[in-house]
Number of protein chains: 2
Amino acid sequence: MQQLKNDLLLRTLRKEKVERPPVWMMRQAGRYLPDYMKLRAKYDFFTRVQTPELAAEITLQPVDQVGVDAAIIFSDILVVPQAMGLEVLMEEGKGPHLPGVIRTETDIEKLITDDVEENLSYVMKALKIAKQGLENRIPLIGFAGAPWTILCYMVEGKGSKTWDKAKQFCFLQPGLAHQLLQKITDVTIRYLKAQVNAGADVVQVFDSWSGCLGPADFKAYAQPYLLQIADALAQHAPVILFPKGSWYALKELARSKASGLGIDWCIEPQVARDLTGNAIALQGNFDPARLLTSIPEIKKSVKEMIDAFGVQNYIANLGHGITPNVPVDHARAFVDAVKEYQHRI
Amino acid sequence: MQQLKNDLLLRTLRKEKVERPPVWMMRQAGRYLPDYMKLRAKYDFFTRVQTPELAAEITLQPVDQVGVDAAIIFSDILVVPQAMGLEVLMEEGKGPHLPGVIRTETDIEKLITDDVEENLSYVMKALKIAKQGLENRIPLIGFAGAPWTILCYMVEGKGSKTWDKAKQFCFLQPGLAHQLLQKITDVTIRYLKAQVNAGADVVQVFDSWSGCLGPADFKAYAQPYLLQIADALAQHAPVILFPKGSWYALKELARSKASGLGIDWCIEPQVARDLTGNAIALQGNFDPARLLTSIPEIKKSVKEMIDAFGVQNYIANLGHGITPNVPVDHARAFVDAVKEYQHRI
């Protein structure tokens, strides 16, 4: 691997000392950027995702326009169910729809687990193009959805406030649920390894809906699969786990093979540090709604956040994806505030 | 006040010893009950809410049909914005819509804060009729939305995943936000006092969206108003606060004048006990999705929940409202399991 000019993220994930925290934003390649909106007007969602040149172009947009310390490949967590043989429809602004929901053992048996590298080769191509475009300026992050979150969509067929069908499936047929979760895990591990081979320097696993599980159910249906992924990937690239909302699991996940843990804004930095010790880097946890305030207010809040987390062992980020209504200069103010922090040490 | 035949809930809230925990379910008077659905087919939402005889009838339905230890008046948290002069539209199955959203100081000044007892007299009438119908069998719970949650609807005009408009309003115009929150608080205190005068033995304050606030913002925009309500009501009736999702606030709220704290299922009972000590009764925290399993599974889970919380200082309940897809005999199994627990002590 070529030496990166800015390796703040990698050094943080390796527990090396840094002069300031690295900063990136979840969904940084997305709908708040006018240049993204131009491509969105021309190409539908899966065209953008499945055309390597487009995905790579979108990946690079926030690098120059907002100045983040890491790029994250533009893609979607639902490419995995797609690669496993399920149809995924995405109506702009409406969220995903999977008509062929999983109900029975036969449904699970029919899922494709081979050829994931082949079926998702467009992601690997996009990573390679993006990696080239980055010219070793900053690291490139690959990602996948966590098995529990992917199960949620596979069983419910669409978004849900409560995910009670997904839970019911697990509670009533735990054997089947674990069979499904294991299949998703196996595919995800192969997929993430392929992403690393294609140039991803770091991988993040998004457990977007883990926070709707109580602690015992998280331990049953989410945690084992997150740990399997961390175990399998750790020797290939640093892993960041983001079990959104599952603050109750931080203590145990800090002992995993992952190098970083994402947290949302509903936990005080000091509490998260107390739960995780200095065993693992923490990533977060700016409330995306705070990007809707004003530039001075954003900068003040970012400073307070870094004061609370400390410079070391910390990745500045949002606690969830940036929303489409954030002005670009507010996103830039967030990034700038982290970069300016070094002068204050 | 007449002596109640079953005063388990009141004794628990007074820290008196009980032979088993009291049990009720949030949204117990609602869409999982066939008798409710019959009334729903005949009368629209606000007719059901605003016709005292209908509201009282719905309130009593789960008492005989499910066997709960407390009735809660059938109403809606949005009657408060309505009484304050805002139009609230409720399309069946679609959630609320408030066309006249709050944006400016003038909008706030126009809100009606007088005559709440008059404007919501139908609730007080419903409480009186329900109280009579209960014939002192079990206590009657009155309720209101918490000021932060009501502000959310007043500012956004409808439900939201992120409530970012409501947050933006608070972050950019904190002075206005506090002015609005104080107005809602004043009205809510008068409204809850009127409910107690009309026969409510206990009042619960639902902060349904407090969990989308980070700890510092909860302390700024939610907590002070919850405390004001608890302070003002405590001498009139026991108060239960339910700041859904705000586990980070449990420690401080345990020191309030409230007698009980509701918690959702995303916290282990022992952790909630550790945070609150024995200073306050805890209420919850069964995952409503678990009511979709099977009767034996429900009974087993309820037993484990009571084992974890203990019999004293505990109110068995769900961690959120019961969902419409729960079979009535599953709801009954939940209640029965709590009642049967006494034999196992």
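The values are calculated or read from the model by the stated rules, or taken from the named source; none is laboratory data. Keep in mind that this is a model prediction, so the values were computed, not measured. Please note: Cβ atoms are built from the backbone with ideal geometry, for glycine as well, and neighbour counts cover all protein chains shown.
Points to keep in mind about this one:
- Candidates B:Ala216, B:Ala222, B:Ala249 - the one that is free of Cβ contacts under 8 Å to residues at least 24 places away in the same chain, more than 26 Å from B:Asn136 (Cβ to Cβ) and within 14 Å of chain A (Cβ to nearest Cβ): B:Ala216
- A residue that is over 18 Å from the mean Cα position of the chain (by Cα) and away from every other protein chain (no Cβ under 12 Å) cannot be found anywhere in region A:159-170.
- Of the helices (runs of 4 or more DSSP H) lying entirely inside region A:90-169, those containing at least 1 residues that are under 30 Å from A:Asp217 (Cβ atoms) are A:105-110, A:116-119, A:147-156.
- Residue match in region A:203-213 (condition: closer than 28 Å to A:Asn136 by Cα, of a type in the set (S, T, N, Q) and within 14 Å of chain B (Cβ to nearest Cβ)): no
- Within region A:233-249, the residues that satisfy the criterion of being in contact with a strand residue (DSSP E or B) (Cβ under 9 Å, 6 or more places away or on another chain) and hydrophobic (A, V, I, L, M, F, W, C) are A:Leu233, A:Ala237, A:Val239, A:Ile240, A:Leu241, A:Phe242, A:Ala249.
- Looking only at residues in region A:315-336 that are more than 23 Å from A:Asp35 (Cα to Cα) and out of contact with any Ser or Thr (no Cβ under 7 Å at 6 or more places or on another chain), the one that is nearest to the other protein chains (Cβ to nearest Cβ) is A:Gly319.
- Selection count where residues are in a loop (DSSP other than H, G, I, E, B), within 22 Å of B:Ala234 (Cβ to Cβ) and among the aliphatic types (A, V, I, L, M), scope region B:1-45: 4
- Enumeration of residues in region A:252-278 that are surrounded by 21 or more Cβ atoms within 10 Å (Cβ to Cβ), β-branched (Val, Ile, Thr) and closer than 26 Å to A:Pro139 by Cα: A:Ile263
- Qualifying positions in region A:272-289 - part of a helix (DSSP H, G or I) and touching a residue at least 12 places away in the same chain (Cβ under 8 Å): A:Ala272, A:Arg273, A:Leu275, A:Thr276, A:Pro288, A:Ala289
- Of the residues making up region A:9-38, those that are among the aliphatic types (A, V, I, L, M), in contact with a helix residue (DSSP H, G or I) (Cβ under 6 Å, 6 or more places away or on another chain) and closer than 18 Å to A:Ile322 by Cβ number 3.
- If you go through region B:232-246 and keep only what is outside any strand (DSSP E or B), on the phi < 0 side of the Ramachandran plot and either in contact with a helix residue (DSSP H, G or I) (Cβ under 9 Å, 6 or more places away or on another chain) or within 14 Å of chain A (Cβ to nearest Cβ) (or both), you end up with B:Ala232, B:Leu233, B:His236, B:Ala237, B:Pro238, B:Lys244, B:Ser246.
- Verdict on A:Leu176 being more than 21 Å from the chain's Cα centre (by Cα) and over 26 Å from A:Asp7 (Cβ atoms): yes
- When every residue of region A:109-126 is checked against the conditions, at least one turns out to be farther than 26 Å from A:Leu172 by Cβ, surrounded by 18 or more Cβ atoms within 10 Å (Cβ to Cβ), in contact with a Gly (Cβ under 9 Å, 6 or more places away or on another chain) and β-branched (Val, Ile, Thr).
- Looking across B:Leu39, B:Leu33, B:Leu4, B:Leu60, one residue alone is buried (at least 22 other Cβ atoms within 10 Å of the Cβ) and either among the hydroxyl-bearing types (Ser, Thr, Tyr) or within 25 Å of B:Ala331 (Cβ to Cβ) (or both). It is B:Leu33.
- In region B:150-192, residue surrounded by the fewest Cβ atoms within 10 Å (Cβ to Cβ) [restricted to those that are out of contact with any Pro (no Cβ under 9 Å at 6 or more places or on another chain) and among the hydroxyl-bearing types (Ser, Thr, Tyr)]: B:Ser160
- Of the residues B:Ser294, B:Ser256, the single one that is of a type in the set (Gly, Ala, Ser) and either under 17 Å from the mean Cα position of the chain (by Cα) or more than 10 Å from every other protein chain (Cβ to nearest Cβ) (or both) is B:Ser256.
- Residue in region B:322-331 that is buried (at least 20 other Cβ atoms within 10 Å of the Cβ), touching a strand residue (DSSP E or B) at 6+ places or on another chain (Cβ under 9 Å) and at pLDDT 95 or above present: no
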